[in-house]
1. Starting from 0 in steps of 10 Å, tell me what percent of the Cα-Cα pairs of the stretch 19-86 lands in each bin.
2. What does the accessible area per residue of the stretch 19-86 come to in Å², with a 1.4 Å probe and no ligands, DNA or RNA counted?
3. Just list whichever of Lys276/Lys317; Lys104/Lys195; Lys277/Lys329 have alpha carbons separated by over 18 Å in the model shown.
4. If I model a spin label at Asp76 and Val326 as a point 7 Å from the Cα along the Cα→Cβ vector, what separation in nanometres do I get?
5. Label Gln53 and Phe246 with points 7 Å out from Cα along Cα→Cβ: what is the distance between them in nm?
6. Using only the Cα atoms of the stretch 15-133, construct the convex hull and provide its projected area averaged over every direction, in square nanometres to one decimal.
7. Take the solvent-accessible surface of the protein heavy atoms, probe 1.4 Å, and return the percent of it on the stretch 19-86 that carbon and sulfur atoms account for.
8. Can you tell me the Rg and the Dmax, both Å, for the Cα atoms in the stretch 135-181?
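The values are calculated or read from the model by the stated rules, or taken from the named source; none is laboratory data. Everything numeric in this text was worked out from a predicted model, so none of it was measured. Every residue, glycine among them, receives a Cβ derived from its backbone with ideal geometry; neighbour counts consider all protein chains shown. Heads up: the accessible areas ignore ligands, DNA and RNA and are worked out on the full protein's heavy atoms, side chains in. Shrake-Rupley method; radii C 1.70, N 1.55, O 1.52, S 1.80 Å.
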Amino acid sequence: MTVSLDLTADTTRDALRATPAKGELIGLTREELAEALITSGVVPERQAKMRVQQLWHWLYVRGVSDFADMFNISKDLRAELAKHFTISRPEIVEEQISSDGTRKWLFRFPPRGAGRPVEIETVYIPEEGRGTLCISSQVGCTLTCSFCHTGTQKLVRNLTAEEILAQLLTARDRLGDFPDRDTPAGAIVPAEGRKVSNIVMMGMGEPLYNFEAVKKALLIASDGDGLALSKRRITLSTSGVVPEIFRTGEEIGVMLAISLHATNDDLRDLLVPINKKFPLNELMDACRKYPGLSNARRITFEYVMLKDINDSLEDAKALVKLLKGVPAKINLIPFNPWPGSNYQCSDWEQIEKFADYINQAGYASPIRTPRGRDILAACGQLKSESERLKKSERLALEAMMIAGHGEA
Ligand code: SAH
Ligand code: SF4
């Protein structure tokens, strides 16, 4: 069953409050936040450090989205802050809840400068013992991987650090995942732990083509005095932007995933065209040099299972050979179809054979269970804004999935 809530009416007020002319405070580093407060004249220089600390707590520990809720800040100062700045959330255009508990949100952000509003999708996947939020880094993607739905939507623009973080903050709002009060010992977090325990940069877009904004957002998400997600619970997935891989480890320090999908250049050129620019030997070299790499901190190699394209036992052997010497995990992803896609998902039996071979070679190789298929929330199915599916296309897709391998 799919529950679809239209939250537009509830959030219109918030959207109106998000006047783009006001400065955004979310997504700024502490230094930038201090500077914004001082140069706007809202806070005198000598108070800046203390105010930054207060704001940081409200924004990232308590998750407030209205200055009025910051009760340890004077009413006058709250009014001044609200006059100059905004901390409001994006509009929630749609929230869908899958029969398996997966949630997908369509968020709308106000225009940047002269641009148009943009819409992006974010997915929440609850699992036993953890909850993963799949975050987008761009609206659309400049790359054109032939099996990916996002790749058919041309890049509209990079998301800002604020927009990347807003996905996490808004998801936490909707999941009731912020503590609702402070005690002298600190904020009270929900008893059963956080609903969003992990984040993956695996939504729409290529995060390493938006390096600076992604870096800022992830450093704030992992800041110990704020959102406090461990860097080991943050994974950035790239199609292979080789020149940025070392910096990712050095400057962000999160876990790395590589969308590999093929073990030779001829096939990878077709599936992941960025391979023509950064071929496999360069990619594997960059992986070997990834800072902090060890058996306890492995790189995840994602491998989409495409029937008769990359799923033979020969391919499995080539994969094991290619990864030799790299601390690696292999994540097999059953291909998720979308209208107009030219591929089929491998047969389940074949996926298992492939996985068995890899397991025997000593690799953990979980098969990623497709989640939220009924709401088109699975990997590679995200595609936003005006190009969202028409009802007829959605029905055609459902038929395709049933005819294919429904519950892989
Ligand atoms: N752009 C980044 C991150 C987003 S895609 C990247 O490519 O790594 C997240 C993962 O989903 C990638 O491994 C991507 O190759 C995979 N994917 C894309 N389309 C898919 C589809 N239709 N079925 C299954 N996996 C897909
Ligand atoms: Fe872009 Fe990743 Fe899709 Fe390739 S797989 S088109 S890099 S989002």
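1. Spelled out per bin, shortest first, that is 21, 64, 15.
2. 52 Å²
3. Correct reply: Lys276/Lys317; Lys277/Lys329.
4. With each label placed 7 Å out from Cα toward Cβ, I get 6.0 nm.
5. 3.9 nm
6. Value for the stretch 15-133: 9.1 nm².
7. On the stretch 19-86, the fraction of accessible area on carbon and sulfur atoms equals 53 percent.
8. According to the Cα coordinates of the stretch 135-181, Rg and Dmax are 14.4, 48 Å.
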